[in-house]
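A.B. asks: Input: one structure, supplied below.
FYI, it's all coordinate maths here, none of it is from the lab. None of the values given here were measured: they were computed from a predicted structure. Please note: Cβ atoms are built from the backbone with ideal geometry, for glycine as well, and neighbour counts cover all protein chains shown.
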2 protein chains.
Amino acid sequence: MKISELSRRTGVPVASIKYFRREGLLPAGRATAATLAEYGDEHVQRLRLIKALTTLGGLSIAAARDVLTAVDQSESADGTLKAISYALPVPVAQAPAGDADEEAEAEAAAAADVAGLIAAMGWQVPDDSPHVQGLTTALRELRRLDADYRPERLVHYAELAHSVARLDMERAAAFENSPTLAEQAVIVLALSGPLLELLRRLAQEDQVRRRSA
Amino acid sequence: MKISELSRRTGVPVASIKYFRREGLLPAGRATAATLAEYGDEHVQRLRLIKALTTLGGLSIAAARDVLTAVDQSESADGTLKAISYALPVPVAQAPAGDADEEAEAEAAAAADVAGLIAAMGWQVPDDSPHVQGLTTALRELRRLDADYRPERLVHYAELAHSVARLDMERAAAFENSPTLAEQAVIVLALSGPLLELLRRLAQEDQVRRRSA
């Protein structure tokens, strides 16, 4: 199909399609003339995936490109899952500010809480994991707000997060023998967060309404 | 304390403090002269909360103002929880695009899935809830990607989300008799999502590493 038809079928403007091409998110079409290219169903699917990642998933164009590069360069299912996992942006709090000594102390206390939690959960993650740093920064900020997120409280949340990650992994790995493994793994791993957040907000609305009924 | 000391203690630049004042996120200090104001510990706490909401929580200034207005106008604990819950922004996918008939069909199918899930969970939420609409839009986009999010699969995620919401509600309501109820409820309800996401990403990293070990 021509680029105009690709645009019509996906609802993505022609200018955006060209932009995704230039930025390396969308593979080239089959050249049929110097200025014409023929696109196929794989381009329709890829454009829908780009849309889902950048809107529902909230990924920047750069982050979406990193994730899709991991997909396109995948050699093994496990390697792909790992590459996608690390290509996804980590939600983080702002860098510390204010008194340097106080900050160092707060950072050390938060780091100890995170290490204790990881040990309690039996998680195998490296010390320099971006997720460890992200959680440490978040806990440091929550401590400053006198919010009670001690490890014995956090562990309940961690257990639920662990169950979600297991559900995701079962689903991401179920596509192992399919040619669409990598794209489906992206969908599961990248969109699980936003989907869970929507479900949590619905459940929260239910809880709040029950209390005020 | 003077505004310069408030800035030093919180790490928030004076210009930002003035901006938050103008935008109605931070209450006025006690006027000590025509151009001078005296700030207290409640301003330190409020600035830290604004920082947490806008960085870790990812809220826009407008959304943070809505949430803090709900806090400041709170009359009952239940009313405050409800106001905060609805003031938080809903993560949503992009509006539909492409063929109108196809879109209407996809939207109806997603809406039916959401209604089935809500019934299965026994959640009491109104049909016009922004969270219902957000989840419907998300599922419509996931269907287009051939991602398998049928109600019988989603229900496992919904049950975990329900457990998180119950944990949150127990904590938000535990502050009932404290003067800091509203601010602590904001922390629990607004920052639960980002915190859960960090824990989920850590758990995901653990799962991915175990597979590729």
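A.B. asks: Taking beta carbons within 10 Å but only from partner chains, what does the mean come to for residues B:46-52?
C.D. replies: Rounded to a whole number, the mean comes out at 3.
A.B. asks: I'd like the mean, over residues of B:11-21, of how many other protein chain beta carbons sit within 10 Å of each residue's own Cβ.
C.D. replies: Shielding by partners across B:11-21 averages 1.
A.B. asks: Roughly how many Å is it from the Cα centre of the range B:119-198 to that of the range A:121-144, as a whole number?
C.D. replies: 23 Å
A.B. asks: For chain A, what is the charge dipole size about the Cα centre, in debye to the nearest 20, if Lys and Arg each add +1 at the Cβ and Asp and Glu each add -1 at the Cβ? Could you put the intermediate results ahead of the total?
C.D. replies: Details: 24 positive and 30 negative charges, 281 e Å.
Roughly 1340 debye for chain A.
A.B. asks: Moving on to the next point. So who's got an amide H within less than 5 Å of the one on A:GLU38, skipping anything under 5 residues away but keeping other chains? H placed 1.01 Å off N, in plane.
C.D. replies: A:ARG30, A:ALA31, A:THR32
A.B. asks: Lysines near B:LYS82 by alpha-carbon distance under 22 Å, same-chain residues fewer than 8 away left out - which ones?
C.D. replies: none
A.B. asks: Something else: For B:GLU5, place a label point 7 Å from Cα along the Cα-to-Cβ direction in every copy; what are the distances to the other copies, in nm, shortest first?
C.D. replies: 7.3
A.B. asks: Related question: With chain B treated as a Gaussian network of Cα nodes joined by springs under 10 Å, which of B:GLU170, B:GLU141, B:GLU102 yields the largest mean-square fluctuation?
C.D. replies: Evaluated over chain B, the most mobile residue of the options is B:GLU102.
A.B. asks: With charges only on Cβ, +1 for K and R and -1 for D and E, what is the dipole size of the protein assembly as shown about its Cα centre, in debye, rounded to 20?
C.D. replies: For this selection, approximately 780 debye.
A.B. asks: Report, as an integer, the average count of C-beta atoms from other chains found within 10 Å of each Cβ along A:151-157.
C.D. replies: 3
A.B. asks: Would you work out which of B:LEU68, B:LEU6, B:PRO194 lies farthest towards the positive end of the dipole of the protein assembly as shown, given +1 charges on the beta-carbon of Lys and Arg and -1 on that of Asp and Glu, about the Cα centre?
C.D. replies: Working it through, the farthest residue towards the positive pole turns out to be B:LEU6.
A.B. asks: Consider the operator that turns chain A into chain B: which A residue has a Cβ nearest its axis, and what is that gap in Å?
C.D. replies: Closest Cβ to the A-to-B rotation axis, residue and whole-Å distance: A:LEU160, 3.
A.B. asks: Sticking with this one: Let me check against my output: what whole-number percent is the relative contact order of the range B:90-164, with C-alpha pairs under 8 Å and at least 6 apart?
C.D. replies: The value is 42 percent.
A.B. asks: Then there's this: Could you size up the charge dipole of the range B:90-164 around its Cα centre, putting +1 on the beta carbon of Lys and Arg and -1 on that of Asp and Glu, and report it in debye to the nearest 20?
C.D. replies: Magnitude of the dipole: close to 340 debye.
A.B. asks: What are the distances, in nm and sorted shortest first, from the label point of B:ASP128 to the label points of the same position in each other copy, with each label point placed 7 Å from Cα along the Cα-to-Cβ direction?
C.D. replies: Sorted ascending, the copy-to-copy spacings read 5.5 nm.
A.B. asks: For chain B, what does the relative contact order come out to in percent, with C-alpha contacts under 8 Å and a separation of six or more? Kindly include the intermediate steps, with their values, before the conclusion.
C.D. replies: Numbers: 163 pairs, mean separation 39.5, N = 213.
Relative CO of chain B lands at 19 percent.
A.B. asks: May I ask you to report, in nm to one decimal and beginning with the shortest, the distances from B:THR69 to the same position in the other copies, taking label points 7 Å along Cα-to-Cβ?
C.D. replies: Distances to the matching label points in the other copies: 4.3 nm.
A.B. asks: Using Cα springs under 10 Å in a Gaussian network model of chain A, which residue among A:ALA161, A:ALA185, A:ALA100 shows the largest mean-square fluctuation?
C.D. replies: A:ALA100
A.B. asks: Still on this structure: Provide the FRET efficiency to the nearest 0.05 for the A:ALA109-B:SER60 pair, computing r from the beta carbons and using R0 = 35 Å.
C.D. replies: 0.70
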